[in-house]
Structure formats: C-alpha cells, structure tokens
Amino acid sequence: MEHKADLKNIAKLFLKLGILGFGGPAAHIAMMQDEVVTKKKWLTEQHFLDLIGATNLIPGPNSTEMAIHIGYEKGGWKGLILAGLCFILPAVFITGILAFLYKQYGQIPEVQPFIYGIKPAIIAIILSAIFPLAKKSLKSTALIIIGLLVLLGSLFSINEIYLMFGAGFFALFLAYLRNNKQNNSNRFLPLTLLKITNTTILSATNANLFWIFLKIGAILYGSGYVLFAFLDTELVSTGLLTRQQLIDAIAVGQFTPGPVFSSVTFIGYQINGLTGAIVSTIAIFLPSFIFVALLNPIVKKMRNSKLFSAFLDAVNVASVAIIIAVCFDMGKDIIADWRTILIAVLSIIIAFGYKKLNSAFVVLGGSLIGYLLTLI
C-alpha cells in the first residue's frame, strides 16, 4: 500500500535530506529508502526499486532524480518541482557561501576533522538500506547470477552504463525466449545512450556557461563524480578554470551535503560571480526535471509488460550490485585505521539493530565520534 503525501511533508522531508545528505548518491538513496519506504511507507520496496532502476537508465545525478521521482509520485507536478528544489537548494546555498569565501580568501575552510567519522557511518547506512532491496530484487536464480556478474564487473571498473543496459538486455532476451509463443502488444524501446560531444568554449559569458552545463546535465551518465572528468576537459583545458580550482571544487562537493553536482555552483561563481553560479546551477539540474517528468509514467508501463518487467528486474539487480561495489570501493579508501574501523562497526550495529532510528543520527554520531577520536 502506497500512501499519498501533501506538499508540506514532501518539502520537509527533502529539505532535511538536502541538509543532512552527506556521502554521495548511494548514501542519499539509502536515506530516501529509509524515509519513504521503511518509515513513511509512501512507496513499496518494489516501486522504489523500479524508480532506482529507471533513474540509472537516464543521464543526470541519480539521487537528485530519485528525489524528483518521489516528489512526482506523491505530489504530481508541484511535488516534482518542490522535492527537487528542496533537495538541491541547501547544497547550492552552502556551496555558494563557500564559493564566496574561496573567492575572497583563496582557500576553503578546514572541515576534515568533522567528516573523518561521517564516511564510515555512511557505508553502514548504505548497507542497511540496500539489504532489504537486495532481498526484494533477487527473485530468481537468473537474477542472482546477473547480480553477481554485475558486481564482479563493477569491481573491475567496467562502465556502469554498459553493466546496467547489458543486464537489462540479457534478461530481456531470456524473457523473450520464454515467451516467444506469446505476442506482447506492449512495445517499448529502452532509452538509448546519447553520444557525448565536446564543445569549444569561446568565452566565460553566462550564455556559454548555461550551454556547457545544460549539455553536461543532459548527457552525463553515472554518479556525480564522473562530472569532474568532463569539467577538466570543458573548463581547465580551455583556461576558464585552474586545475587547483577544480580540485577545490571537488573537495567542496564531497564535504557538503546534497548532490555532488552542487560543485557546479562553486565553479560558476569562480568564473563569473553570482550570476555565473546561478546560471550554471540551473543549467546542470534542469535536464533532470525534464527527464524524470518524461520517464516516470513509462516506469509503470514497463512493469506491466512481461518482457520489460524482466528488463526492469535485471536493471534493479544491477543497480543494487553497483551500489554494493561502490560501498566496497569506498571502504577500501575510508576504513584504513582502528578509528575508522571502530566507527564503521558501531555504525553497522546501530543501523542494522535499530532500523527505526533516523539515519541522520548515525551520520551525526559518526561525525562526533570521528572528531573526538582525531583529538586522541
């Protein structure tokens, strides 16, 4: 049973997630699952999984698009806009302040002691959220095998888009073989990948900034971290941004809450001040609102088709496998000494043992313990 939500509750939830959503797309999605499936029961686990799978098939920041999907499901067009803005704006506001300070003083504030303990806690939150989704998505032996193959491929750094579509088309082929005697009238072609092209930036005008970031928002697949390779090509190579400014923008994106794409606010400010920041931010996020509005009604049609239900199931399994691989990679880099091991173990015990506890408390607890342990 899925429950309707009013616009005020949608706004409150996504403002909270936008303020407390540290740790990147996997962590954001884990927090959303905790809130909208476990606590509020706005969506069923299956429908939430379907939205994750669908989101992975389109360009743009995954967690932002999940927020927009959920808003649209629970509040229509107003919910779509409200959920997206409430999730994005806290990060944009914080990043804007940091961009101003950076422009004035040439460096970003020292926050490492406070984020030291957040990262291990975030891994625990992701694992606790992905566990029920994994159980729900592994419906058959074939899906288990697909999930293991995708996990293996992801650990060996195969592009996640190839893995996602590969899993979907393989399952589609298996379903076609099983149902080849039946004529399915529900025909639907999955979204195709858009070819990525480079555009030479002639100047640092807002019109150019808008075009650069609109293009990136419309064609960039994968997590927000892939964004920085694009930015290096589009901005550093053309002399609009120094590599040090890009590195600092990456740092800002990692230690501020909300979507990693908010780094673009920082970059826009460095290139063309406040108006550059506003134009760049609007441009990078605008395609996500459009894509979700177009895609959301199709998700239910896919689920109602036998063939494309199989496609969606495989994409869901692939999505879960990729998130687990992300956790593994994060863990290798983050859990490196006795302090981070202790924080990770405590966070896992709390996240799995106290499922009704808001994940924000796990994040804040990890931050506090991490700060105290750095003093030892």
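The values are calculated or read from the model by the stated rules, or taken from the named source; none is laboratory data. The structure presented is a predicted model; accordingly, all values stated were derived computationally and were not measured. Here the Cβ is made from the backbone with ideal geometry for all residues, glycine too, and neighbour counts use every protein chain on show. Heavy atoms of the whole protein, side chains included, go into the accessibility calculation; ligands, DNA and RNA do not. Shrake-Rupley method; radii C 1.70, N 1.55, O 1.52, S 1.80 Å.
Remarks
- Histogrammed with a bin width of 5 Å, the alpha carbon distances of segment 125-166 distribute as 5, 21, 23, 26, 22, 3 percent, first bin at zero.
- Dividing the summed helix terms, -39500 (n - 2.57) for each DSSP H run of n ≥ 4, by the number of residues in the chain produces a 222 nm estimate of -24500 deg cm²/dmol to the nearest 500.
- Rounded percent of accessible protein surface that carbon and sulfur make up, segment 40-171, 1.4 Å probe: 70 percent
- Placed amide H near F22: partners under 5 Å, 5+ positions off or other chain: G258
- Dimensions of segment 52-103 along the principal axes, based on C-alpha atoms and rounded to the nearest Å, stand at 39, 24, 11, largest first.
- Among complete DSSP H helices in the chain, those whose alpha-carbon atoms stretch at least 30 Å along the helix's long axis and whose mean Kyte-Doolittle hydropathy reaches -1.0 are 62-105, 263-304, 306-334.
- The tail of the calculated P(r) for segment 328-376 beyond 15 Å holds 48 percent of all Cα-Cα pairs.
- Nearby lysines by direct alpha-carbon distance to K355 (threshold 23 angstrom, same-chain neighbours under 8 apart not counted): K4, K12, K16, K39, K40, K41, K119, K135, K136
- Ranked by the mean number of other Cβ atoms within 10 Å of their residues, highest first, the peptides 232-244, 264-276 come out as 264-276, 232-244.
- Each eigenvalue of the Cα gyration tensor of segment 218-376, multiplied by 5 and square-rooted, gives one semi-axis; in descending order these are 30, 29, 15 Å.
- Label assignment, percent of Cα pairs over 41 Å apart derived from the structure, set [x] 31; [y] 11; [z] 5: [y]
- The listed residues F22, F87, once ranked by accessible area (1.4 Å probe) with the largest placed first, stand as F22, F87.
- Segment 20-165, relative contact order in percent, only Cα pairs under 8 angstrom and at least six apart counted: 27 percent
- Order by protection proxy (mean Cβ within 10 Å, highest first), peptides 128-134, 291-297: 128-134, 291-297
- Computed over segment 1-86, the ratio Rg/Rh where both radii use C-alpha atoms and Rh is Kirkwood: 0.92
- Mean Cβ neighbour count within 10 Å, used as a protection proxy, ranking 310-323, 23-36, 148-161 highest first: 310-323, 23-36, 148-161
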